[in-house]
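To keep things clear, I will list the structure first and then write my remarks on it.
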Amino acid sequence: MSLIMLFVAIEAPTVVILRLENSKFGESLFTFRGRYMVDLLIALFLFAMGVWGIIMAILTLVLILGIRFLGVKQPDAFNEIFRQSNVDTQADAPYTLDGTAGA
């Protein structure tokens, strides 16, 4: 899982990236929410790996929360780094009382 996230972060090798982009799982990996969830899962695995794993998990969580904090402060930077998910794009659309998107 860590190797896949490394490939996604550096966007190489091309064969792996193309295969991930065409899969249902890969669609979410390139969004902030997808990377956030996988990073949290990796941190949970690290907690089970003794003292050094706990140290690395805490460091990972600090980095995840730091990136989240920077994303709130600088939202334009996130648009350049991460792709927009369908949920994020739908959240920007106004809704009417009956639940349909407004014009």
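The values are calculated or read from the model by the stated rules, or taken from the named source; none is laboratory data. Because the structure is a prediction, the values reported are computed rather than measured. Cβ placement follows ideal geometry from the backbone for every residue including glycine, while neighbour counts extend to all protein chains displayed. Accessible surface is based on the protein model in full, side chains and every heavy atom, while ligands, DNA and RNA are left aside. Shrake-Rupley method; radii C 1.70, N 1.55, O 1.52, S 1.80 Å.
I'd like the carbon and sulfur percentage of the solvent accessible area for segment 22-67, probe radius 1.4 Å, heavy atoms only, ligands and nucleic acids excluded. Mind showing how you got there, number by number?
Values: 2440 of 3050 Å².
Reported share for carbon and sulfur atoms: 80 percent.
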Practice prompt. At 7 Å along the Cα-to-beta-carbon direction for both ALA48 and ALA12, put a label point, then send me their distance in nm to one decimal.
Written response: 3.3 nm
Practice prompt. Obtain the nm distance between the two label points defined at LEU59 and LEU41 by a simple spin-label model: each point lies 7 Å from its Cα along the Cα-to-C-beta direction.
Written response: 2.3 nm
Discussion item. Relative contact order for segment 24-79: what percent, with Cα pairs under 8 Å and sequence separation of 6 or more?
Written reply: 24 percent
